[in-house]
Each structure stands twice: as C-alpha cells, then as structure tokens.
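For reference, the structure is listed below as structure tokens.
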Amino acid sequence: MSDFRNKKEERIHEMQRFIVHPLIKNNSIESRLYQNIIFNSCKDKNSLIVLPTSLGKTVISALICAEILFNYKQNKILIMAPTRPLVLQHLLSFSSFLKVLDDQKILVTGKISPSTRKMVWDNKTIKLIFATPEVIRNDLNESRLNLKDFGLIVFDEAHRAIKDYAYTLISKKYMEQSPNPLIVAMTASPGSEKNRIEQLCRNLYIEHIEYRNEEDVDVKPYVNPIELKWEFTELSEEYRQIIVLFKSMLQEKLRWLIFRGLIKKNNIDYVFKRDLLELGEILQRNLKFTLNEEKGPLYLALLNQSAALSLMYCIELIESQGPFSLKTFIKRMESSEGKAHSLILKDPRMKDIFKLLENVTEHPKLIYILDLCKKEKLDTYANKNSNVLLNDKSPQILIFSHYRDTATHIVDELNKTGIKSFRFVGQSTRNNDIGMNQTEQSAILDSFRKKEFNVLVATSIAEEGLDIPEVKLVIFYEPVASEIRHIQRKGRTGRKSSGNVIILAAKDTVDMRILFANKRRIEKMKTIFTSIKTILNPISRLPIPYNRMTELELADLDKNLNIEQKKLNGKELKYEDSERKVIEKIKVKNAIIDQIPKLQIGTITKTENNLIEKAYRHIYNFLIDERNNKNSSLSSSSFDLSYLNEKFTFDTHIILQALKKLEKQQIIKIKNNKLITLNRLPPNKSTGREYNIYVEKILPGKAYVLVNEKWYALLNYYDYEGPRNLLKKGSEFKAIAELYTNENNFCIRIKEIIF
C-alpha cells in the first residue's frame, strides 16, 4: 500500500513540475511561476513580452498557441520570425511542445511559389503556419491571403516593428480582417528610447506589456549567473600618433563645415557621425532642387562632409579594431574613384601614417584574446583538416566583432597559434568579401555544436535568432551602442549553466563613449515601461463562443501522434529537408483539392457525401482484395489514377475525395497528382473472426458495443481505424475483429469493416 501511495505522490509531483494541458506534450514544459503569470496575462489581449534570452519567450507563446487551438479548433495560428533559419527553429521548438500533427503545421518562406502558398492559405487542415514576414506581407498585398481565420499571430524579434518593416503592415491588416485578433509580440529588448517603444506598441496594437529582467523575484530562481567583466586596454604611443594625425585632418574638415554654417555646433569635439550623416542627407536633397550652374558649392560641401565621415571611420578603426582593419580600408580607398578618398590620400600627413602603420604592433585587444585562449588551454591541432572532437574540459568561446575584416584577422591569428577557429558572417557580399550561404552557416554551426573547433568569431548575424550553441564564454571585441544587441550578445551564454561575458574596450577611445552610453541605455530601458503602460488602449473585439476540441478528437490526435513518432525513428529534421518536404507535400496534396473547388469544406452536398462514402467503401475493399491476390499487379507496386476511373463508374471528383480520405488514414499515398502507392492496408481477412457489432454507447475515447447480441465489449479509440461515421449510437455493422481482456475489461479490436 505504501509503494502505491509513493508512486501516486511521485506522479502528482511530476504533474506539478510540468505544465499539464490537453495540447501540450507530457513533461515537455517545466512549470515556472513567471511564465504562468505572463501566460494568464497575455492569452486574451495583444501583448508585448520582454524577456532576456533563454528565459522562455517561445514557451509562453507555445502555451498561448495551445490554448487557442484547444478552445477555437477552427482557427489558425501564424508564427513569424525575421529569417528562414529562425522560422525553422520555431517550427522545431513548437513541435517539441505542442500536440500537432505534421499535416497541421507548415513552414512557409520565399522558396515556395506564390501559387503553392495560395494552396497553403486555403487549406483548412493546416493550423500552425511558420513564416517569414516578407512572404506574408507580399501575399496580403496581392490578396492571396486573408487573416480573418487566424486566432493568433506571434511576432518574434518584435523590436523590428518600426517604420516600414513588414510586421507593421501585417499587424494592420490583421486588425482590419480578423473579428477577434490576438497578437503576441516577443523580444529580448525593445530599445531604450521611449518614442521607439511607443511606436512599436502602436504598430502592433499592444494593449499590455509584460517585462522581466534577471533581477525580478519570480525570475531569479531560473537565471544562471553570468559574470560580466570589462577589460580596458592601453594603446601604444604609435597608435596615439596615428590617431592625432587623423584627428588633425578631421578637424580641418569640420571647421570648414562649421564656418559655413553647415553644422550648427561651435565645438568640433561635439560633432558626431550622426551630425555628418544628417548633413549628407540635406546636401543630397538640396542638389536635386538646385540649378546645375549653382551646384558647385554644394558639391564642395559634400566633398568635405564625405571626407570627414571617412576620417571618423579611420579613427574608429585604429582605436577600436587595429591596424589590419585600417590598412584594409585604406586599400579600398586607394582602389576607389571617390573624390573624398582621393582628397584624404593626397594629404601629406598620410605619409607619416603609412610609416607608423609599418611598425605598429597588433591591437592590445587581439593580444588579450590570444593570451586568454592560451590560458584557457584550448585544444590545439596539428592538422588543420582534423575533425577530432575537443575533450570535455576544453571550453568553447564565441567572439563578437562588429567588422568582417576584424573577424577575419582574429580567425587567422588564432589559427596561427594552433587554436582552431572559424568565421561566421551573413549572406551578403560586402567590399568583395563574399558572405556565407545558409548551407555554409549550418555546417559551421553543426561543427561548432559537435565541438570540432574551439572558437567561433561572428559578426552581428549571430546576435539575433539563429540557433547558436551555448558557450561558457562570450567576448565582445568592442562595446555595442545598441542595448538590444548588447542583450542579445550576452544571451549567448548562461542558458543551461553559469557563463561569462568579457567586453573589451580601449581606454580614451570611441570604445569608452559607446560603453558608457550603452550602460545608460540599459538602465533607462528598465524604467521606461511603467510610463508607457498608462497610454495603452484596449482593442475592440467581437466575442466568439468557444469551439473546444472533444475528448474523442484529443484521443484521435494522441493516436496519430504516436504513429508519426514511430515513423520518425530518431531522424533529425534538417532545414533543407523540411522546406523540400513542405513544397512537395503542398504541391501534391493540395493540387488535387484545388482542381475540385466545389468540394471544399462546407460546400459538399448530402448526395455527394453519400457518393464519396460509397466510393470510399468500394475502393477500400478493392485494395484489400488486390493486396490479398498474389497474382494481382497491385500487390506490391503503384498504379495510375486512371486505373480506378476504368474500374469504377463514379465521377472523377468523387473518386478523388474518396482517395483523399484513404490518404488521410495513411492507407495510400498520392504522388504527382495521379500515381497511387499502396502504403498501409488493414490486416488480412484471415486474421480474427467475423462479428456483428452494435454500438450501444459513445464515450470520450471509447465506445461500448454489443458483440453478436451476446457480449458487451469495450472498443478503445486505438483499436478502431474504420470510418468514423459508423461510430455512433445505434449503428450496426460487421467486422473482422479480435476479443481480448485488458485490466479486467473485456475489449474488442476491430481489424476490418465488412460492408
């Protein structure tokens, strides 16, 4: 008795540890107080959820998805993210949490043609759609998509929803088209400017904000400690001399602009890059509205503005990045035909800069990284093509660099010392630097995840969204001005265990200005939400009654999920495989339905439905007979749709609908809109016995039946794969079946319906 009580208590404890919901997989989501609070606050109002990386924004959105799918089974849900890899990542994450069949979820990106996407939007079976925002915006603009049937839209990386980003139009259309819209917007940081956050809330029609940070009482128990350390380096005298020369050149250009009233500041020390960029926009705009003979002064002003901007960039490179990045930029200036670059290179002070660059040492930040990697005792390798895994004690490091040139140089220097490292950049090509396509990106990340090398040196591409493996140490080669990017970089460690972050900064340089500005922004963001909450307005919605999933539907879902799981056999879903599978599935499966628009849901007449049911029974029995006929050509091969047209007198569209039912039950597969493959047929007639079945009572997930007018038996949902319309009170039919006992219950397993 005590053992039974202990097991029961263990089960209760297990239920308390994990979220229990009809559409959430068992033991898949740990129950956390702050997530439950946020879920309950956001499940019925448009909400902005601000949570640091690794604290479960995706989990909260999955809980809201489950609630919508359960309470409104007719609704669809759209989950969006800025990039294709991140969209796939969400598909995999949601699939690990939610009880949703493969046929009910889909990945939609620009690789799928517009006509095929139209089939996706019209398909009533699909409930969860994972997509990039540009695709959704395009289809809304072209009227291929209407959002009226969507009960929820999730906007990931919601801080992008400003100005003319696709999220803005999508949310506007959603509010116009849906009678009962619900928006969940997620971000690690929306920014620190009040105007920006207010604009974001307006663009996404936010009614409620949930903000947490690592210091909140309900979050602290789930936060792994991250040690944040600032390392300040000293620049050598050679560096200082180069900086002085560049600044003297810059000051001349700035004085020229200030003297002519083009920059409204008296102190050149307070002229920043932003001022020069704004001046450039004004000058370019004025050129459009000025007569050709009067454009000379404007061109001269633009020349000095552009030269000043390039000189600022040179100073930033030598201060923050090092001589390699500066030399690379100077080479680009030499090969360019720009007059501003020519003006800089002809300055006699450039000769002194070139001499100093010949003797200057590596930037102290790079020297710090090389020394740190040696102290960490990272595994070295003799053969650069070696794929030997690192030992368990060898740490992996993620280094962020703002510039590609610097990232390239760091990788080269690490590899020279025997520390295996790779560069990770975006897809675009910049200044003849060819980017990495998604296949290359995936290969690098897989290799890093498998611990085939020590150090990943990445640009901003690794900050947002991509499934970068967790590391013990993250290094910022330079501070970042954006608090959004700072939080995202920091979130690459400390997810599953404690982590470390080191921010490198050169003293008395642009690094220090950015570092202190960033700290102020982060503190400012923490205090800004209270004032914004007071200006949020509720959205008017039409009340929609619940249309919940039934117990029988949930039982069916569990059964089909078990079948799918057995077919997976541990196979890992790859990005390319997923997209190819999506395209093939939609093109094949929906092309058939698209050919017969009159048979869409809600338009089939009672007469047509009876014909479809009759055709289904005839084709079902025909396939069984052919399977059992050893001389049949169909017993082990595929056959063409025209074969059934010749065999039966039903109209083609009736046969197609009957085949659709058979395909849904996984008895057949339809390929290329015409080829039918026998997939899984019921057991042979020779197994089991023939019984008369009378359905006495229907209960959730089971039915009580009278067998041969003698015995009452329990028919469980997993013991019946026949037509659903036969399972109703008072129904009678014959079946090949087996009788068995299970926990003192007399049960029946139906193998085949006899019509």
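The values are calculated or read from the model by the stated rules, or taken from the named source; none is laboratory data. Please read all numbers here as calculations on a predicted model, not as lab measurements. Heads up, the Cβs are rebuilt from the backbone with ideal geometry, glycines too, and the neighbour counts pull from every protein chain shown.
Numbers at a glance
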{"item": "From the options LYS194, LYS229, residue that is out of contact with any strand residue (DSSP E or B) (no Cβ under 8 Å at 6 or more places or on another chain) and either outside the structural domain of VAL501 (by TED's automatic domain parsing) or surrounded by fewer than 18 Cβ atoms within 10 Å (Cβ to Cβ) (or both)", "result": "LYS194"}
{"item": "Unique match (being surrounded by 23 or more Cβ atoms within 10 Å (Cβ to Cβ) and modelled with pLDDT of 90 or more) among PHE97, PHE150, PHE155", "result": "PHE155"}
{"item": "Residue count for the range 489-502, restricted to those that are out of contact with any Asp or Glu (no Cβ under 6 Å at 6 or more places or on another chain), within 17 Å of LYS229 (Cα to Cα) and at pLDDT below 75", "result": "6"}
{"item": "Subset of the range 5-54 (residues that are at pLDDT 70 or above, part of a helix (DSSP H, G or I) and surrounded by fewer than 14 Cβ atoms within 10 Å (Cβ to Cβ))", "result": "ARG17, LEU33, ASN40"}
{"item": "Verdict on ALA505 being at pLDDT 70 or above and either over 29 Å from the mean Cα position of the chain (by Cα) or part of a helix (DSSP H, G or I) (or both)", "result": "yes"}
{"item": "In the range 508-522, the residues that are in contact with a helix residue (DSSP H, G or I) (Cβ under 8 Å, 6 or more places away or on another chain) and part of a helix (DSSP H, G or I)", "result": "VAL510, ASP511, ASN518, ARG521, ILE522"}
{"item": "Selection count, the range 701-725, where residues are under 19 Å from LEU557 (Cα atoms) and surrounded by 16 or more Cβ atoms within 10 Å (Cβ to Cβ)", "result": "11"}
{"item": "Residue match in the range 251-258 (condition: more than 20 Å from ILE344 (Cα to Cα), more than 48 Å from the chain's Cα centre (by Cα) and touching a residue at least 12 places away in the same chain (Cβ under 8 Å))", "result": "no"}
{"item": "Residue list for the range 194-218, filter: over 19 Å from VAL184 (Cβ atoms) and of a type in the set (A, V, I, L, M, F, W, C)", "result": "VAL217"}
{"item": "Every residue from the range 322-359 that is farther than 29 Å from ALA505 by Cα and of a type in the set (A, V, I, L, M)", "result": "ALA340, LEU343"}
{"item": "ASP352 over 24 Å from THR417 (Cα atoms), outside the structural domain of TYR403 (by TED's automatic domain parsing) and part of a helix (DSSP H, G or I)", "result": "yes"}
{"item": "ARG541, sole failed condition from (1) part of a helix (DSSP H, G or I); (2) at pLDDT 85 or above", "result": "(1)"}
{"item": "Pairs with Cβ under 7 Å, 6+ apart, first in the range 90-113 and farther than 22 Å from LYS57 by Cα and assigned by TED's automatic domain parsing to the domain that holds ILE64, second crowded, with 16+ Cβ neighbours inside 10 Å and among the small types (Gly, Ala, Ser)", "result": "THR109/ALA131"}
{"item": "Residue check, GLY322 on the phi > 0 side of the Ramachandran plot and outside the structural domain of ALA407 (by TED's automatic domain parsing)", "result": "yes"}
{"item": "Any hit, the range 254-267, residues being surrounded by fewer than 12 Cβ atoms within 10 Å (Cβ to Cβ), within 30 Å of LEU356 (Cβ to Cβ) and modelled with pLDDT under 90", "result": "yes"}
{"item": "Scope the range 280-322; condition among the acidic types (Asp, Glu) and touching a residue at least 12 places away in the same chain (Cβ under 8 Å); matching residues", "result": "GLU316, GLU319"}
{"item": "Some residue of the range 185-199 being assigned to a helix (DSSP H, G or I), in contact with a His (Cβ under 7 Å, 6 or more places away or on another chain) and in contact (Cβ under 8 Å) with a residue 12 or more places away in the chain", "result": "no"}
{"item": "Scope the range 438-473; condition among the hydrophobic types (A, V, I, L, M, F, W, C), farther than 17 Å from VAL425 by Cβ and modelled with pLDDT of 85 or more; matching residues", "result": "LEU473"}
{"item": "Candidate set from the range 394-423 (those that are among the small types (Gly, Ala, Ser) and more than 19 Å from GLU470 (Cα to Cα)); member that is surrounded by the most Cβ atoms within 10 Å (Cβ to Cβ)", "result": "ALA407"}
{"item": "Test: residue in the range 226-243 that is out of contact with any Ser or Thr (no Cβ under 8 Å at 6 or more places or on another chain), free of Cβ contacts under 8 Å to residues at least 40 places away in the same chain and more than 30 Å from LEU33 (Cβ to Cβ)", "result": "yes"}
{"item": "Residue in the range 56-79 that is aliphatic (A, V, I, L, M), modelled with pLDDT under 90 and more than 23 Å from LEU147 (Cβ to Cβ) present", "result": "no"}
{"item": "Residue satisfying all of: in the range 268-279; out of contact with any Lys or Arg (no Cβ under 8 Å at 6 or more places or on another chain) and touching a residue at least 12 places away in the same chain (Cβ under 8 Å); surrounded by the fewest Cβ atoms within 10 Å (Cβ to Cβ) among these", "result": "LEU277"}
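Matching residues to (1) within 18 Å of LYS73 (Cα to Cα); (2) of a type in the set (A, V, I, L, M):
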position: LYS99; (1), (2): yes, no
position: LEU128; (1), (2): yes, yes
position: ILE136; (1), (2): no, yes
position: LEU140; (1), (2): no, yes
position: LEU145; (1), (2): no, yes
position: ASP149; (1), (2): yes, no
position: LEU152; (1), (2): yes, yes
position: PHE155; (1), (2): no, no
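Here's the yes/no breakdown for (1) farther than 24 Å from SER498 by Cα; (2) of a type in the set (D, E, K, R):
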residue	(1), (2)
VAL50	no, no
LEU55	no, no
ALA62	yes, no
LYS76	yes, yes
ILE79	yes, no
